[in-house]
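To keep things clear, I will list the structure first and then write my remarks on it.
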Amino acid sequence: MAEILSIEDVTVRFGGVTAVSGASLSIGQGELIGFIGPNGAGKTTLMRVITGVVQPQQGRVLLAGRDMANWSVSRRVRAGLALAQQIVQPLHDMSLLENVTLAVGMRHTASPLLSLLHTARGREQTVARELLARVGIGDAADALPATLPLGFLKRMEVARALALQPKLLLLDEPLAGLNQQEARAMADLIAELSRQGQTILLIEHNLREVIRICPTLYVQDNGKPLAFGQTQQVMADPAVRRAYLGAAA
Amino acid sequence: MAYEITLLTTMAISVLFALSLNFISGFCGQISLGHAAFLGTGAYTSALLTKASVPFLLTLPLAAMTAALLGVLVGLTSLRVRHDFLAITTMGVAFLFVGIVRQQDFLGGEIGVSGIPPTGLGRVGFLILAISLAAAFAAFSLYVRRSWMGFVFKSIADNEDVARLLGIDVPRYKLAAFVVGTAVAGVAGALYAHHFRFLAPDSFGFIESVSVLAMVIVGGIGSVWGVAFAAAILSVLPLMFQFVNDFKLLLYSALLFAMMRFSPDGVAGLVRRFLVTGPRNRG
Ligand SMILES: Nc1ncnc2c1ncn2[C@@H]1O[C@H](COP(=O)(O)OP(=O)(O)OP(=O)(O)O)[C@@H](O)[C@H]1O
Ligand SMILES: [Mg+2]
């Protein structure tokens with residue numbers, strides 16, 4: 001199994017807070033890995049290290065064997081990463097359709113000159129509409145983000161990330177803000193993408209759905225890696241149970 | 001007739017200059033508080049060259065190049081840094097430009113440059129040239145708005161962190177906008193020099209930079225028609241009415257404030273709401 005992403009001994013400190021401490025994780029081609037851990041475990045921070053938004057104090061991240069240190073966020077995205085964020089960030093002056101269309105057109109946006117030479121958006125809009133329909137919000141395609149509830153924007157984040165056709169899809173709590181039925185549909189979609197060969201790292205608090213669709217789990221607690229392995233085994237691990245009960249108490 | 005030609009020429013040059021700032025601030029969301037420095041760079045370049053007997057038309061591309069060169073320098077130092085740094089850097093550039101030009105004898109120092117030769121185009125020919133250049137850049141701006149470049153600019157103006165996550169090389173696009181905007185300001189400067197045929201360093205400082213920003217904001221930041229309209233009107237009011245000239249900064253500041261308070265999208269927004277036309281952010 002070819003390795004897509006390799007995280008090696010990554011540590012991130014924000015002032016006095018150690019958000020991630022010695023995290024290591026390897027993701028192979030076609031894998032769907034559930035990434036769980038209590039609030040504040042450093043999950044989002046590790047995602048941000050992968051996308052290059054946050055620079056680690058220690059460790060490195062390799063994409064298909066290449067060290068991404070000093071790569072800009074946009075370069076990482078063009079190399080095959082896409083992130084659907086936990087805190088939604090729609091482009092507010094654009095409809096959902098335009099938000100996704102811009103991502104679909106990444107071929108045209110590779111450089112200022114290329115972007116200047118292209119005007120037609122029809123094909124990209126068609127693809128964007130399909131993606132919005134696929135995540136269940138096709139009806140809202142022409143609405144502005146400010147008029148829509150969180151559940152729609154969460155799914156737009158996923159559609160926009162899919163639009164980039166990434167080698168590795170990073171999802172940060174895509175089920176949050178969705179009702180039970182919508183969450184189940186989204187989980188089904190993630191599982192289907194995985195069956196089609198998409199490699200996915202999924203942060204999610206909805207354990208029921210995570211356990212249902214993810215064959216592999218990576219657990220982080222207090223910034224430290226706690227467990228990594230087959231889902232049933234990880235969930236049976238007393239340390240994992242303690243971390244969760246501790247967080248619940 | 002001569003008076004009308006002077007007014008129209010002033011208008012056309014101001015429209016070109018305001019549209020050049022609109023490309024940077026309106027399209028790409030990068031506020032510049034020193035845009036007059038690039039107008040000045042083009043003006044001095046062109047004036048010194050025609051005084052050295054270089055044909056006027058040849059000085060236009062050279063004025064664009066020197067202004068864009070300064071633009072690249074300023075852009076590279078500030079556009080990679082976050083959000084509002086450009087506003088501060090460009091403000092510094094406006095003061096530096098005036099400060100440096102004043103010290104240079106070969107730029108005329110405090111006294112400025114006079115005796116700038118005529119262009120050989122005649123007053124009407126020069127007016128037609130100025131209008132053509134303004135119209136051409138307006139057309140180019142409208143095209144860019146429709147292109148993927150305009151799409152990318154809009155995303156950067158909206159949220160540059162998101163743009164990065166969509167694979168957009170944000171610093172490069174900002175630099176592209178800045179280079180186009182400063183180059184065109186340089187061309188406007190060449191026209192300015194040969195319209196007034198006299199240059200004083202103070203004409204290219206902070207006050208002029210704020211005035212042109214007022215034109216862009218009053219017109220409706222990003223709107224090509226709105227900015228062109230506002231620039232045309234606001235540039236000639238001081239020439240037609242002495243009291244406007246006397247209280248220019250006060251009046252324009254008040255106008256700026258009123259617009260931001262009552263119609264943040266400027267005249268273009270007012271018209272749009274009045275007509276309730278088509279999609280948002282067009283025109
Ligand atoms: N930019 C930042 N500056 C300072 N501290 C931060 C920053 N980002 C995160 N932290 C801190 O780092 C720790 C880990 O935060 P992070 O958001 O990565 O956790 P998480 O596992 O995603 O939590 P949640 O499940 O609530 O989303 C927290 O203590 C948080 O307060
Ligand atoms: Mg998080």
(message) Tell me the relative contact order for region B:2-281 as a rounded percent, counting alpha carbon contacts under 8 Å between residues six or more apart.
(response) 35
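Pairs of Cα atoms under 8 Å, at least six residues apart: use those to get the relative contact order of chain A, whole percent. Mind dumping the intermediate values first?
Numbers: 464 pairs, mean separation 67.9, N = 249.
Over chain A, the number comes to 27 percent.
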(request) Would you mind estimating how fast the protein assembly as shown diffuses translationally, via Stokes-Einstein at 10 °C and 1.306 mPa s with the Kirkwood radius over Cα pairs, in µm²/s? (result) 62
(message) Please report the antiparallel percentage of DSSP beta bridges with both residues in the protein assembly as shown, rounded to the nearest 5.
(response) 55
(request) May I ask for the percentage of alpha-carbon pairs in chain A that lie more than 34 Å from each other? (result) 16
(message) On C-alpha positions alone, give me the angle between the axis of helix B:206-219 and the longest principal axis of chain B, in degrees, nearest 10.
(response) 50
(message) Give me a comma-separated list of calculated 3J(HN,Hα) values for region A:56-68, in order, Karplus coefficients 6.51, -1.76, 1.60 applied at θ = phi - 60°, integers in Hz, x for any Gly or Pro.
(response) x, 6, 8, x, 8, 10, 10, 10, 6, x, 9, 5, 8
(request) Can you grab the distance from the C-alpha centre of region A:104-162 to the C-alpha centre of region B:196-254, Å, no decimals? (result) 39
(request) First compute the accessible area of region B:2-281 with a 1.4 Å probe, then give the percent of it belonging to carbon and sulfur atoms. (result) 72
(message) For the protein assembly as shown, what does the helix formula give at 222 nm: sum of -39500 (n - 2.57) over DSSP H segments with n ≥ 4, over the residue count, nearest 500 deg cm²/dmol?
(response) -18500 deg cm²/dmol
(request) Take the Cβ-Cβ distance between B:Phe262 and A:Arg184 as r, set R0 to 51 Å, and report the resulting FRET efficiency rounded to the nearest 0.05. (result) 0.60
(message) Can you report the principal axis dimensions of region B:2-281 using only the alpha carbons, biggest first, rounded to whole angstrom?
(response) 52, 40, 32
(message) Give me the percent relative contact order of region A:136-192, please, defined on Cα pairs under 8 angstrom at least 6 residues apart.
(response) 29
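Just checking the output field for A:62-74: average partner chain Cβ neighbours within 10 Å of each residue's Cβ? Provide the component values of the computation, followed by the final result.
On the way: counts 0, 0, 0, 0, 0, 0, 0, 0, 0, 0, 6, 9, 11.
Neighbouring Cβ atoms belonging to other protein chains average 2 per residue here.
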(message) Of the candidates A:Met156, A:Met106, A:Met47, which one comes out as most mobile in a Gaussian network treatment of chain A with C-alpha springs shorter than 10 Å?
(response) A:Met106
(request) Round to the nearest 10 and give me the degree value, 0 to 90, for the angle of helix B:2-21's Cα axis relative to the longest principal axis of chain B. (result) 40
(message) For a quick check of understanding: with a 1.4 angstrom probe and all protein chains in place, what accessible area in square angstrom does A:Thr126 have, to the nearest ten?
(response) 80
(request) Would you kindly find the accessible area of A:Thr45, with a 1.4 Å probe and non-protein molecules such as ligands, DNA and RNA excluded, rounding to the nearest 10 Å²? (result) 20
(request) Rounded, prolate or oblate: pick one for region B:200-242, where a ≥ b ≥ c are the square roots of the eigenvalues of its C-alpha gyration tensor, a/c under 1.5 means rounded, and failing that, prolate if a/b is larger than b/c, else oblate. (result) oblate
(request) Could you list the residues of region A:1-34 with an amide nitrogen less than 15 Å from a label point located 7 Å from the Cα of A:Ala69 in the Cα-to-C-beta direction? (result) A:7-12
(message) If I fit a long axis through the Cα atoms of helix B:248-262 and take the longest principal axis of the Cα atoms of chain B, what angle between them do I get, 0 to 90°, rounded to 10?
(response) 10
(request) Under a 10 Å cutoff between Cα atoms, tell me which one of A:Gly34, A:Gly59, A:Gly42 has the largest fluctuation in the Gaussian network model of chain A. (result) A:Gly59
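The values are calculated or read from the model by the stated rules, or taken from the named source; none is laboratory data. Since the model is a prediction, treat every value here as computed from it, not as a measurement. Every residue, glycine as well, gets a Cβ built from its backbone with ideal geometry; the counts of neighbours run over all protein chains shown. SASA here: full protein model, heavy atoms, side chains in, ligands and nucleic acids out. Shrake-Rupley method; radii C 1.70, N 1.55, O 1.52, S 1.80 Å.
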